[in-house]
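First comes the structure, then the notes that go with it.
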Amino acid sequence: MQIEAAICAFCGCLCDDIVLTIESDRIVQAKNACALGKAWYTAHSRPPDLPAARVDGKSVEVEEAIEAAAILLTKARYPILYGLSSTSCEAQRHAVALAEALGGCIDCCTSVCHGPSGMAVQGFGEPTCTLGEVKNRADLVIYWGSNPAESHPRHMSRYAVTSKGRLTPNGRKNRTVVLVDVRSTPSSRFADLLLTVRPGIDFEILWALRALVLGRKVEPAGLAETGITLAQLTHLAELMKNCRYGVLFAGQGLTQSAGNQMNLSAAILLVRDLNQFTKFAIIPMRGHGNVTGVDQVLTWQTGYPFGVNFSRGYPRFNPGEFTMVDVLRRKEADAVLSVASDPAASLPAEAVQRLTEVPLIAIDTHESETTRLARVSFMASTVGIRASGTAYRMDNVPLFLKQALTSIYPSDEEILGRLLERVRELKA
Amino acid sequence: MIRLALKTRPDLPLEADTIRPDYFAQKTEAEIAKLPVLHGNQFCALGDFFNVRGGASDQLVLEGDLAQVKRIGTGMEYGQITIHGNAGMHLGAGMRAGEIVVFGDAGDWAGAEMCGGKIHIHGNAGHGLGGAYRGSRHGMNRGMILVEGNAGNETGSLMRRGLVAVRGDVGEFAGAFVIAGTLIVFGSLGRRAGAGMKRGTIVAYQQPELLPTFTFDCVYQPLYLRLILQTLQLEGFSIEEEWRTGAYRRYSGDLNALGKGEIFVYDQH
């Protein structure tokens, strides 16, 4: 059996032209998918070999595990829900309702990747566009602090560099590609202009670029530590001002280096300034399949994209106070629910230490450090392979992911829905 | 005078925005002990965590390590709080008048968005001192913050009016996007100070790394700085005579914003 136009939900590109070949309930081929996508389809189409639910390492019925998890969570007085970047918006919606019912915190992987982008957007807005516009219109593409050849392998071919669109009929020939990074990467060979900068000084460079674009004076001494010259920056500023349609793709090199949200604020302000001269947009290079969706759902439900607290019964937002790493590091959380994420393997050691001290509940599609550490763990079906659901592409375009294979596991949506129902009963 | 001595250290964040002298002024000891505080996600009584002595006063003395106790004195309108120990996040945030003195460290966002009054921290302060919350249009708007130790990142960010003086070092982005107001740093001023500042003054006593959008203007002796330094001396800051009479290098910026801000760097020569 073949499925046309399947959507790969591994990374934020959400490529929707995958052709799946299915034989005896396994995906044997994922045509058009990149190496990461192929590996994702292969890994998640393996026959299930773990019990659907475990409590203290013992296999139990899902219902029993729901009861155990609900009791642990309702007993907690400062629980935190975390993850949600690789699941559907429907499941994310239940997670927000659960955080509200529990009076706890809810945070997503955004807080350790593009959270600073969210904070910058809150301060300065987001002059953005869709990837369709990039494909059809963009003649200047800038990747800043990003290595798409390895992190989003089809980003350049499908949307930004070699793709042919209405106003870019010759694809690559119609575009100028600029790469700004701290080192040479596999993406470097696609660049017409490569700026290798010293780590941790992106703010100074973006700030000087703003001044050059606006025709203001720049003190060359202020650029001494950046690794690039005023002449190089002037050339880039001219390229930006004279393009027809420019796009700045902001990677984690900007959000997770010194300056964080200020780097993104500078990038957004630069793009805003450029719109006095030409059309320019910024798109954050979101990583996980539906990490954009969790920001959308949280904002839709609470008004804030991540780091939300419901202790007082209404949502409050404060990155640094209600975000996962901070809540764990300060030893505040007294129970953790991790959904479609692996905090035990990805967070700093100080934060992971707290995960070992409090009741941990994990819902994931595969065995991970977090599910091994968890007191209660659920195996869930993968959205886009064994479950359906909505996901948002990195440019905030929603797409519906269809189920391709059958599953013995419930979906995240179903587990969270049942957990929510039970928590509401216990709280009543 | 009312004394609150911490008897049970909270194991979860304790939001105590009811600890305000203006709330206590008309209340008896028993009424104060019954005031609600949020422990985790449940409301408890202030008396569950503190021994309360005294009532009907706007002079408060807090004792114990209150690092987990958030929001002390937020929005207060008059009176005085003296804390013998550390204070948690949001100390005196949004306060309108009155005074807070901390003989210890203060957490992040101390004095954030305050619009009057005075905070004197004898230890270190955290990030966002006198700054703005995410999405806010401005940080502190009137008032005075004095820190004897160091302060973190984004000190006085988006400040609208007021004075912040830090005897020690401050982190990155001090006075970022300042609209107006004064920030004086006697220790080292972190990188990117004054980024995006429209107006306002930052005074440094060690040569900072300045952004490329600040330009050198001149060396001169700003008269009004003497008055500010004199005020700080009256508040107990030791001010050297040559700081008052000496010359300062003036840099103006941020040229990416209005460009009417100034960074003074004390010129030792």
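Could you list the square roots of 5 times each eigenvalue of the Cα gyration tensor of region A:324-411, that is, the equivalent ellipsoid semi-axes, sorted largest first and rounded to whole Å?
Result for region A:324-411: semi-axes of 28, 16, 9 Å.
Among A:Gly115, A:Thr370, A:Pro48, whose Cα projects farthest towards the positive end of the dipole of the protein assembly as shown, with charges put on the beta-carbon of Lys, Arg (+1) and Asp, Glu (-1)?
Value computed over the given set: A:Gly115.
How high is the FRET efficiency between B:Gln230 and B:Met1 when r is their beta carbon distance and R₀ equals 35 Å, given to the nearest 0.05?
It comes out at approximately 0.70.
Take the protein assembly as shown, drop everything but the C-alpha atoms, weight them equally and run the Debye formula without solvent; then report log10 I(q)/I(0) at 0.06, 0.07, 0.11 Å⁻¹ to two decimals.
Log10 I(q)/I(0), no solvent term: -0.39, -0.53, -1.17.
Nearest 20 debye, what's the magnitude of the dipole of the protein assembly as shown about its Cα centre given +1 on Lys and Arg Cβ and -1 on Asp and Glu Cβ?
Computed charge dipole of the protein assembly as shown: roughly 1740 debye.
Mind pulling up the Rg/Rh value for chain B? Radius of gyration and Kirkwood radius, both on Cα.
1.03
Order these by the 10 Å Cβ neighbour count, fewest first: A:Trp300, B:Trp243, A:Trp207.
Final ranking by Cβ density, sparse to dense: A:Trp300, B:Trp243, A:Trp207.
Using θ = phi - 60° and the Karplus curve 6.51 cos²θ - 1.76 cosθ + 1.60, what whole-Hz ³J(HN,Hα) does each residue of region A:43-60 get, with Gly and Pro shown as x?
Using θ = phi - 60°, the values come out as 5, 8, 9, 4, x, x, 10, 10, x, 5, 8, 9, 10, 6, x, 9, 5, 9 Hz.
Per-residue counts of other Cβ atoms within 10 Å, averaged by peptide: what ranking do you get for B:114-121, A:314-321, highest first?
Result, highest mean first: B:114-121, A:314-321.
If you fit an axis through the alpha-carbon atoms of helix B:223-234 and take the longest principal axis of the Cα set of chain B, what angle between them do you get, 0 to 90°, nearest 10?
30 degrees
Going by C-beta contacts inside 10 Å, put A:Lys135, B:Lys260 in order with the fewest on the left.
Listing A:Lys135, B:Lys260 from fewest to most nearby Cβ atoms yields B:Lys260, A:Lys135.
Given the alpha-carbon gyration tensor of region A:1-133, what are the semi-axes of its equivalent ellipsoid in whole angstrom, ordered largest first, with each equal to the square root of 5 times an eigenvalue?
Whole-Å semi-axes of the equivalent ellipsoid: 31, 28, 11.
For region A:115-284, take the alpha-carbon Rg, divide it by the Kirkwood Rh, and send me Rg/Rh.
A ratio of 0.93.
For region A:232-388, report the % of Cα-Cα distances exceeding 21 Å.
61 percent
Go ahead and estimate [θ] at 222 nm for the protein assembly as shown from helices alone: -39,500 (n - 2.57) per DSSP H run with n ≥ 4, summed, over the residue count, rounded to 500.
That calculation yields -7500 deg cm²/dmol at 222 nm.
From the backbone phi of region A:206-214, what are the Karplus-calculated ³J(HN,Hα) couplings (6.51 cos²θ - 1.76 cosθ + 1.60, θ = phi - 60°) in whole Hz, Gly and Pro given as x?
4, 5, 5, 4, 4, 4, 5, 4, 7
Charges only on Cβ, +1 for Lys and Arg, -1 for Asp and Glu: so what's the dipole of region B:105-267 about the Cα centre, in debye to the nearest 20?
Here region B:105-267 has a charge dipole of around 660 debye.
Output wanted: per-residue J couplings in Hz (rounded whole) for region A:307-322, from phi through Karplus 6.51 cos²θ - 1.76 cosθ + 1.60, θ = phi - 60°, x for Gly and Pro.
So the J values, rounded to whole Hz, are x, 9, 10, 10, 3, 8, x, 10, x, 10, 10, 7, x, x, 9, 10.
Which order do A:Cys129, A:Cys13 fall in if you start with the one that has the fewest other Cβ atoms within 10 Å?
In increasing order of surrounding Cβ atoms, one gets A:Cys129, A:Cys13.
Would you kindly calculate the mean projected area, averaged across all directions, of the convex hull enclosing the Cα atoms of region A:242-302, in square nanometres?
Result: 5.3 nm².
Taking the Cα-to-Cβ direction at A:Arg316 and at A:Asp192 and moving 7 Å from each Cα, how far apart do the two end points lie in nm?
Reported label-point gap for A:Arg316 and A:Asp192 is 5.1 nm.
Could you compute the FRET efficiency for B:Phe237 and B:Arg142, with r as their C-beta to C-beta distance and R0 at 25 Å, rounded to 0.05?
Efficiency, rounded to the nearest 0.05: 0.80.
For A:Asp25 and A:Phe277 in the same chain, what is the full-extension length gain: residue separation times 0.36 nm, less their Cα-Cα distance, in nm?
85.3 nm
Determine the shielding of peptide A:265-275 by partner chains: average, over its residues, the number of Cβ atoms on other chains within 10 angstrom of each Cβ.
Counting Cβ atoms of other protein chains within 10 Å of each residue's Cβ and averaging gives 1.
Given 0.36 nm per residue, what is the gain on full extension from A:Ser388 to A:Arg46 after removing their alpha carbon distance, in nm?
Answer, rounded to one decimal: 121.4 nm.
Coordinate-derived values only; no laboratory data. Remember, it's a predicted structure, so these values are computed and weren't measured experimentally. Glycine also receives a Cβ, built like all others from the backbone with ideal geometry; neighbour counts cover every protein chain displayed.
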